[in-house]
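K.L.:
Please see the structure below; I have some questions.
The values are calculated or read from the model by the stated rules, or taken from the named source; none is laboratory data. All figures in this text were calculated on a predicted structure; none of them were measured in a lab. Cβ placement follows ideal geometry from the backbone for every residue including glycine, while neighbour counts extend to all protein chains displayed. Please note that ligands, DNA and RNA were not included when accessible areas were found on the heavy atoms of the full protein model with its side chains. Shrake-Rupley method; radii C 1.70, N 1.55, O 1.52, S 1.80 Å.
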Amino acid sequence: MPEITVDARGMACPGPISALTRAYRNAQNGDIIIVLATDPGFKPDVQAWIEKTRNELVSLTEEGGVIKAVIKVTAKK
Amino acid sequence: MANRVIIVGGGGGGAILANLLQPHGFDVTVIDKSTSHFFQPGNLWIAFKGVSPEKFLRPIPSLLKKGVNYVNDEVVSVDLNERRVTTRSGRSYEYDFVVLASGAELDYSAVPGHRELLERFGDFYSSPENSLKLWNTLRGLKEGSFVIGVADPIYKCPPGPHKGAFLASELLRSRGLAGKVKVVLAVPVPHAYPSKTVADILEPELKERGVEIHTFFTVNEVDNRENRLVSLEGEDIKFNVAVVVPPHRGPSYNISPAEVKDQSSYVKIDKYTSNVQGFDDAYAIGDCTNAPTSKSGVTAHLQAEVVAARLLGYDARYSGRTNCPIITDGKGTFVISDYDHPPIKVRLSRFKRLMEDLFVATYWSAVKYPEFWSPIFKAYFDATDEFIRRGEGW
Ligand SMILES: Cc1cc2nc3c(=O)[nH]c(=O)nc-3n(C[C@H](O)[C@H](O)[C@H](O)COP(=O)(O)OP(=O)(O)OC[C@H]3O[C@@H](n4cnc5c(N)ncnc54)[C@H](O)[C@@H]3O)c2cc1C
């Protein structure tokens, strides 16, 4: 199961979600995408993205100002 | 012997740089595969107002100062170690400094069905010809929906699709079709515009004009048989006429070493100095680079000034400043930000629309005589930089 890490630290909104979109385009069901971001807007954005796309948010954590979203790709057609 | 500077591309960035350097005794050569320069924002006027494409086209040599060499040829490779640029006709050029200013390339083969969509309807991104085609297409649209979609979050002029939506709704209203043809704008980001601050200004204006907005919609397929756009996020939108902003890429010509290109082929540069990563005699400016700022004519222009100053021995740096205009039917605003500050809240006003119209009117002169216009632009940028630093709108 490939794991793709997207380092979007330092990127302003909507950089992190755009980086996730680009990674998602190349991903397949079963893949794990990990996004690291420092923009506070990323938290609500990634939750909204999950709701829209119906992929699985495995975890969403924050440590030392870095937000980490672990996403399991399940909804690609 | 004068320093030989080769500039690849005579668009906004390349032509301004050539004109800034020529008076200082550089031996400047601009290589462009095209014989004419087209003012890309003009595409919107062709597609939605029926303005003649000739208004936005000028022969490249007419925009270059006397003394700048112009070569009409396509660059096929740039060897940064050997300091050599090679063209399609087989010629090669040695340089002391090279500046890549070849713009972004549009990829119509990345999204299935996209090329066919372009051939059916035209668009307002690729060329004056395709913009004219869209104008003619819209002439035949009497009911249903006109959809503007985006295939990748990184594209030139971030407000481009929004400007298209505003102008399309204005056009339809003027033809008495406001209730009959719906304008739909689909964007890949969570809000109506990439920056939430700007989205908050634009969204009510778009809604007021009846524009339907879809967020998190990254076009992934065009189904030309059933006339629908399918998104990466799993939604679809039906259309009668649609335009999709294609994925953009960096240069397709060969550059060695290959590591100076990123995954999307953009040239990796130092975002402040525009130096190609690892080379102090090579620069890249404008839409062909990976600088983390908007792909816009303003960026290309400001980077050209920085490179010119650096070649003259000054320690100039680009702040990442953007000034992307957004126009509605009658009003205007700007997306103003830099590397360290997100866009600020800039009110829509008639005065800013006038500022944009004035800028458009001065474009050709600003390309040919940048030394005259630079102090005027600089005064404006300095004054508005203050607002960015304070995080205030105006
Ligand atoms: C619809 C639309 C609206 C826009 N509105 C605005 C706006 O309001 N404000 C703003 O600031 N920006 C706007 N832009 C963006 C702006 O036009 C571009 O960002 C700007 O033109 C970039 O300049 P450049 O010099 O990097 O590239 P370009 O102007 O694209 O020039 C690149 C040049 O390189 C040449 N070239 C390419 N490859 C080769 C090769 N292999 N060999 C030789 N020559 C080559 C091309 O022929 C071209 O002449 C808009 C763009 C569009 C499409």
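K.L.:
Among the listed residues B:Lys331, B:Lys261, B:Lys271, B:Lys295, identify the single one that is touching a Pro at 6+ places or on another chain (Cβ under 7 Å) and either within 16 Å of the ligand (Cβ to nearest atom) or within 14 Å of chain A (Cβ to nearest Cβ) (or both).
P.N.:
B:Lys271 is the lone residue from the list that is touching a Pro at 6+ places or on another chain (Cβ under 7 Å) and either within 16 Å of the ligand (Cβ to nearest atom) or within 14 Å of chain A (Cβ to nearest Cβ) (or both).
K.L.:
For segment B:365-375, give me each residue that is within 22 Å of the chain's Cα centre (by Cα) and part of a helix (DSSP H, G or I).
P.N.:
B:Ser365, B:Ala366, B:Val367, B:Lys368, B:Pro370, B:Trp373, B:Ser374
K.L.:
Filter segment B:196-205 down to the residues that are within 14 Å of chain A (Cβ to nearest Cβ) and open to solvent by 40 Å² or more (accessible area, probe 1.4 Å), then identify the one that is nearest to A:Leu20 (Cα to Cα).
P.N.:
B:Lys196
K.L.:
Going by the conditions given, is B:Val183 under 22 Å from B:Ile326 (Cβ atoms), within 14 Å of chain A (Cβ to nearest Cβ) and either in contact with a helix residue (DSSP H, G or I) (Cβ under 8 Å, 6 or more places away or on another chain) or surrounded by fewer than 18 Cβ atoms within 10 Å (Cβ to Cβ) (or both)?
P.N.:
no
K.L.:
Is it fair to say B:Val98 is closer than 20 Å to B:Pro153 by Cβ and at pLDDT 95 or above? Before the answer, list the steps.
P.N.:
Values: closer than 20 Å to B:Pro153 by Cβ: no; at pLDDT 95 or above: yes.
Against the criterion (closer than 20 Å to B:Pro153 by Cβ and at pLDDT 95 or above), B:Val98 does not qualify.
K.L.:
Looking for whichever is farther than 15 Å from B:Glu233 by Cβ and away from chain B (no Cβ under 12 Å) here; the options are A:Gly41, A:Gly30. Which one fits?
P.N.:
Only one candidate passes the filter, namely A:Gly30.
K.L.:
B:Phe39 passes all but one of (1) more than 30 Å from B:Phe166 (Cα to Cα); (2) within 11 Å of the ligand (Cβ to nearest atom); (3) open to solvent by less than 40 Å² (accessible area, probe 1.4 Å); (4) not basic (Lys, Arg); which number fails?
P.N.:
(1)
K.L.:
Right, next: Tell me which of these B:Val5 doesn't satisfy, since it passes every other one: (1) open to solvent by 30 Å² or more (accessible area, probe 1.4 Å); (2) more than 22 Å from B:Cys157 (Cβ to Cβ).
P.N.:
Failed condition: (1).
K.L.:
Could you tell me whether segment A:49-72 includes any residue that is closer than 27 Å to B:Val335 by Cα and within 12 Å of another protein chain (Cβ to nearest Cβ)?
P.N.:
yes
K.L.:
Right, something else. Return yes when A:Thr61 is in a strand (DSSP E or B) and over 10 Å from the mean Cα position of the chain (by Cα) and no when it is not. If you could, list the steps in order and put the result at the bottom.
P.N.:
Details: in a strand (DSSP E or B): yes; over 10 Å from the mean Cα position of the chain (by Cα): yes.
Answer is yes for this residue.
K.L.:
Looking at A:Tyr24 and the list (1) touching a Pro at 6+ places or on another chain (Cβ under 7 Å); (2) within 9 Å of another protein chain (Cβ to nearest Cβ), which single condition is not satisfied?
P.N.:
(1)
K.L.:
Criterion first (surrounded by fewer than 20 Cβ atoms within 10 Å (Cβ to Cβ) and either assigned to a strand (DSSP E or B) or of a type in the set (Gly, Ala, Ser) (or both)) does B:Ala168 satisfy it?
P.N.:
no
K.L.:
Right, another one. Considering segment B:206-245 alone, what residues qualify as being among the charged types (D, E, K, R) and either open to solvent by 50 Å² or more (accessible area, probe 1.4 Å) or in a strand (DSSP E or B) (or both)?
P.N.:
Selection gives B:Lys207, B:Glu208, B:Arg209, B:Glu212, B:Glu221, B:Asp223, B:Arg225, B:Glu226, B:Arg228, B:Asp236, B:Lys238.
K.L.:
Same structure again: When you look at A:Ile17, is it within 8 Å of chain B (Cβ to nearest Cβ) and either outside any helix (DSSP H, G or I) or of a type in the set (A, V, I, L, M, F, W, C) (or both), yes or no? Talk me through it step by step, then tell me what you get.
P.N.:
Values: within 8 Å of chain B (Cβ to nearest Cβ): yes; either outside any helix (DSSP H, G or I) or of a type in the set (A, V, I, L, M, F, W, C) (or both): yes.
The answer is yes for A:Ile17.
K.L.:
Quick one: how many residues across segment A:7-23 are open to solvent by less than 10 Å² (accessible area, probe 1.4 Å) and not polar (S, T, N, Q)?
P.N.:
Of the residues in that region, 4 qualify.
K.L.:
So, one more: Considering only segment B:127-139, state which residues are open to solvent by 60 Å² or more (accessible area, probe 1.4 Å) and either acidic (Asp, Glu) or part of a loop (DSSP other than H, G, I, E, B) (or both).
P.N.:
The one that is open to solvent by 60 Å² or more (accessible area, probe 1.4 Å) and either acidic (Asp, Glu) or part of a loop (DSSP other than H, G, I, E, B) (or both): B:Glu129.
K.L.:
Those residues that are of a type in the set (Asp, Glu), more than 14 Å from chain A (Cβ to nearest Cβ) and more than 12 Å from B:Ala186 (Cα to Cα), I need them from segment B:208-242; list them, please.
P.N.:
Of everything in segment B:208-242, those that are of a type in the set (Asp, Glu), more than 14 Å from chain A (Cβ to nearest Cβ) and more than 12 Å from B:Ala186 (Cα to Cα) turn out to be B:Glu208, B:Glu226.
K.L.:
Sort through B:Leu17, B:Leu44 and tell me the only one that's more than 30 Å from B:Glu170 (Cα to Cα) and within 13 Å of the ligand (Cβ to nearest atom).
P.N.:
B:Leu17
K.L.:
Taking the stated definitions as given, is B:Glu356 open to solvent by 30 Å² or more (accessible area, probe 1.4 Å), within 16 Å of the ligand (Cβ to nearest atom) and not assigned by TED's automatic domain parsing to the domain that holds B:Ser195?
P.N.:
Judged against the criteria, B:Glu356 is not a match.
K.L.:
Output the residue which, of all residues in segment B:46-65 that are in a loop (DSSP other than H, G, I, E, B) and free of Cβ contacts under 8 Å to residues at least 40 places away in the same chain, is least open to solvent (accessible area, probe 1.4 Å).
P.N.:
B:Val51
K.L.:
Regarding segment B:333-348, can at least one residue be identified that is hydroxyl-bearing (Ser, Thr, Tyr), outside the structural domain of B:Glu208 (by TED's automatic domain parsing), modelled with pLDDT of 90 or more and within 21 Å of B:Val306 (Cα to Cα)?
P.N.:
yes
K.L.:
Among the residues of segment B:72-126, write down those that are part of a loop (DSSP other than H, G, I, E, B), more than 13 Å from the ligand (Cβ to nearest atom) and within 26 Å of B:Leu312 (Cα to Cα).
P.N.:
Going residue by residue through segment B:72-126, those that are part of a loop (DSSP other than H, G, I, E, B) are B:73-74, B:80-83, B:88-91, B:95-96, B:101-104, B:107-113, B:122-126.
Add one more test, that the residue is more than 13 Å from the ligand (Cβ to nearest atom), and what stays is B:80-83, B:90, B:95-96, B:107-113.
Scanning segment B:72-126 gives B:Leu80, B:Asn81, B:Glu82, B:Arg83, B:Tyr95, B:Asp96.
K.L.:
Within segment B:287-346, how many residues turn out to be on the phi < 0 side of the Ramachandran plot, part of a loop (DSSP other than H, G, I, E, B) and open to solvent by less than 20 Å² (accessible area, probe 1.4 Å)? Write out each step before concluding.
P.N.:
Filtering segment B:287-346 down to residues on the phi < 0 side of the Ramachandran plot leaves B:287-312, B:314-319, B:321-329, B:331-346.
Now restrict to residues that are part of a loop (DSSP other than H, G, I, E, B): B:290-294, B:296, B:312, B:314-319, B:321, B:328-329, B:331, B:339-340, B:342-346.
Within this subset, residues satisfying the condition of being open to solvent by less than 20 Å² (accessible area, probe 1.4 Å) are B:291, B:296, B:318, B:321, B:328, B:344, B:346.
Of the residues in segment B:287-346, 7 are on the phi < 0 side of the Ramachandran plot, part of a loop (DSSP other than H, G, I, E, B) and open to solvent by less than 20 Å² (accessible area, probe 1.4 Å).
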